[in-house]
Each structure stands twice: as C-alpha cells, then as structure tokens.
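S.K.: Here it is, the structure in full.
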Amino acid sequence: MQKSKNMEHRLRQRAKKREAYLAKLTLDGKYNPQKPIKVDPERWVPRNQRSSSRRGRGKQQYSTSAQGVVSTEKDVAKLDAAARAAAKKQQNTTSSTPSTAHISVSGGTSGNPRRGNKKRR
C-alpha cells in the first residue's frame, strides 16, 4: 500500500511541475497548446539508418558532370556500357590488322644486362 501511495504522490508532483513548466513556456511564447510541435518521424529509426546519417546510407551514385548540368547525347553514349560493349565487339570482328596471337615472345633479357651479375661480398 505504501508503494502505490508513493507512486501516486510522485505522479501528482510530476504533473504539477509539468504544468508550471508549460505555463512558463507559453508566457515566453515558446509553446502553443493549440499548435503542437510535430515530432520527427525518424526519431524511432536506428541512427545509422536515418536519412541524416552518413554511415549507413550505402554507396552513393555521383554524377560525372557538374552539378545541375543536363546530360548531352555524347555524355549518355560515353556512359552507356551496353552500347560500348557492342561497338567494341563489332570493332574486333572487323579489325583490319592481322592477329599476332601466333607470334612467340622473345626470350632475351629485358632492361639492363648487367643487372643480375651482382656478387655477394
């Protein structure tokens, strides 16, 4: 019985303090009971998943052009990977130079010939 009495007393004290605090805020013009402040809806989302968090957003996709620039057809063609692959494939099939796949690589030394002749002391 004593615990419930203490709890009721504590709740009444808390309500009284809250009323005094809200009255002070209304006098200062910082609180309007008719217009309650909207609570941030992301308040209950974990911090690393909020839109304001930088850590949990994942990789950003950045533009290669300046900010606010509308892409030209040249830029779009440069960024179109499928079109580039098709053009490269077509270029390889219609190549004018002969293939060098059958030529073997020479087995000579490359670079400085005196490089490997160091003696230990």
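Since every read-out is calculated from the coordinates, none of them should be taken as a lab result. From a predicted model like this one, the values you see are computed outputs, not experimental measurements. No Cβ is skipped: glycine too gets one built from the backbone with ideal geometry, and neighbour counts run over all protein chains shown.
S.K.: Multiplying the sequence separation of Ser53 and Ala77 by 0.36 nm and subtracting their Cα-Cα distance, what value in nm do you get?
M.R.: 5.2 nm
S.K.: On to the next question. Full extension from Glu42 to Asn6: what is 0.36 nm times the residue separation minus their Cα-Cα distance, to one decimal in nm?
M.R.: So the chain would gain 9.4 nm between Glu42 and Asn6.
S.K.: Okay, next question. Which whole-Hz couplings ³J(HN,Hα) result when phi for each residue of the stretch 32-46 is put into the Karplus expression 6.51 cos²θ - 1.76 cosθ + 1.60, θ = phi - 60°, listed in order with x for Gly and Pro?
M.R.: For the stretch 32-46, the Karplus-derived couplings read 10, x, 6, 10, x, 6, 6, 7, 4, x, 8, 4, 9, 8, x Hz, x marking Gly and Pro.
S.K.: Determine, for each peptide in 76-85, 39-48, the mean count of other beta carbons within 10 angstrom over its residues, then list the peptides with the highest first.
M.R.: Final packing ranking: 76-85, 39-48.
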